[in-house]
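Values in this text are rule-based calculations from the coordinates and carry no lab data. Quick caveat: nothing in here was measured; it's all calculated off a predicted structure. Please note: Cβ atoms are built from the backbone with ideal geometry, for glycine as well, and neighbour counts cover all protein chains shown.
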Amino acid sequence: MENSKMSLAKKMAIALVLGVVVGIGAILLRVKLVEGGNPETWNNINNLLFADITAEGNEKAIGLFYIIGQLFVKAMQVIIIPMVFTSIVIAMIRISDAKKLGRIASKTIGYFLLTTVIAILIASVCGMLSYNAGLFKSVETGLEAATGKSASNPLLILINAVPNNFVSALSNNGGVLAIVVCAVAVGLGINSNPKKFSAVSKLCSEISELVTVILSFIVNKFAPVAIFCLLTRTCAAYGVSYLKPALSYIVLTTVLLLLFLFVFYPLFVSVTTKCNPITFAKKIAKVALFGFSTSSSAATLPMNMETAKVELGVSDEIASFVLPLGMTINMDGTALMQVVATIFIAGVAGYSVNFTQIVLIGLLAVIASVGTPAAPGAGAVILFTILSGVGFTNEIALSVYALILAINRPIEMLVTALNVTGDTACAMAVAKSEDGLDEKAFNAESGEYGEEIIKSSI
């Protein structure tokens, strides 16, 4: 690669800065026009650039930034199912030793639970300190209430993990856990007679390679522009005044998420792998940024897979097993957010919160986070399950819950960045314990994303 050639990480960083700057400019312009008596001018700008063209009343809007952002996210989402399915099948084939597979699976689940429990403990302690300090007070929403889903038993994830139709499971991006189960079953079936099912193995390998090449092209060519559009539109849609009613919740959650992202995970990698935490932070930055921009763990999975394998040195078999599973069940950021949000709602609604309730909130957060779809806004919607479980359902509590649904998109963006980073950190820990971490690759300078893959495929 030529030295003059700008890396993808730098392009994405520039897109981030420009998106935030232009977005803030849009906020200021919005305030000036609306307060200056020219709301129609802002409406015209919004319809041209930022409007959600799928929303009712926006049938004539253009929404240029919205269209660009959605096209990119959908392009990433379309390869989720084939990537997850083929990756896990290939990983199962490569890990033919049943004892090794069981060992990797147990370590993976163990690290997932460890990081999630730590996130919940930190959220519980900080949430209760804020609660006892009187920071979670009554709020005036002044916002249009968003509609949430009815509560459901979190244990339904166990039933939904096994699909009743293989073909329909392959067509549902929201049921990735079912895809994981199907892929494990297919992988085990192939391992029972590798020669007989060699054609299936070859097909999965070729699909995986094709998906990787397509992914690399999409990300390298379009990611920076898409990130700019997504961030600019988010800033334009969420002004500061929009977030004021729940400022204490927003500030506390943001601080905790940032600390976990920039302090805990690098330290976790350092302790479990003895690798340089700064190097980890630099290489995982573009993945976290991408997750932040798209607010979707599923859309971020392809980039996360290649970054883990090519730049962080995680072996193919471990990355292909741990990361798709992590996207499905490892939601540290979601659990942290849900605990703080629950305590915030309890404080505003006048409920007393004791130790027993904190334990129950923590347990429900673990279960609910596992069942949270890897899609934008899902975490706040599933929050209602926790509120119902602890009985925080009076009129005020439901009103504040609606408020959180309405304003939580910026928080969800940061939550996603945390979730995807946590998956990678755990993958590195598992790889190190199984002698599957290439430290030479980890310490090497980062190249253009997917460059090695594309070259090897031509």
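Assorted remarks:
- Of K11/K286; K107/K432; K107/K274; K221/K309, those spanning more than 19 Å from alpha-carbon to alpha-carbon: K221/K309
- Degrees, to the nearest 10: 64-77 long Cα axis against longest axis of the chain: 30
- The share of alpha-carbon pairs in the chain lying farther apart than 34 Å comes to 34%.
- Calculated FRET efficiency for the pair L170/I396, C-beta based, R₀ 41 Å, to 0.05: 0.40
- Relative protection proxy for 307-316, 44-53, from highest mean packing down: 307-316, 44-53 (other beta-carbon atoms within 10 angstrom).
- Residue exposure proxy: D423, D435, ordered by other Cβ atoms within 10 angstrom of their Cβ from fewest to most, comes out as D435, D423.
- Gyration tensor verdict on segment 22-149 (Cα atoms; rounded if a/c is under 1.5, prolate if a/b is larger than b/c, oblate otherwise): oblate
- Residues in segment 321-335 carry Karplus couplings, in order, of 8, 6, 5, x, 5, x, 4, 8, 10, 9, 10, 4, x, 4, 4 Hz; the curve used is 6.51 cos²θ - 1.76 cosθ + 1.60 with θ = phi - 60°, and Gly or Pro positions show x.
- Net length gained if the chain between E434 and F197 were fully extended (0.36 nm per residue, minus Cα distance): 82.6 nm
- Mean separation of Cα pairs under 8 Å and 6 or more residues apart, divided by the residue count, gives segment 73-445 a relative contact order of 32 percent.
- Cβ-Cβ distance of E35 and V271, R₀ of 30 Å, FRET efficiency by 1/(1 + (r/R0)^6): the value works out to about 0.05.
- Note on I24 and K10: their simple-model spin labels are 2.4 nm apart, each label 7 Å out from Cα toward Cβ.
- Potential extension, F355-L113 segment - 0.36 nm per residue separation minus Cα distance: 85.0 nm
- Cut-off under 5 Å, modelled amide H: who pairs with A61 long-range: none
- Residue-wise HN-Hα coupling along segment 78-89, computed from phi with Karplus coefficients 6.51, -1.76, 1.60 (Hz; x: Gly, Pro): 5, 9, 4, 4, x, 5, 4, 4, 5, 4, 5, 4
- Estimated FRET transfer efficiency when R0 is 35 angstrom, pair I53-R103 (beta carbons, to 0.05): 0.10
- For segment 275-296, backbone nitrogen atoms closer than 20 Å to the point 7 Å from F262 Cα along Cα-to-C-beta are found at 276-295.
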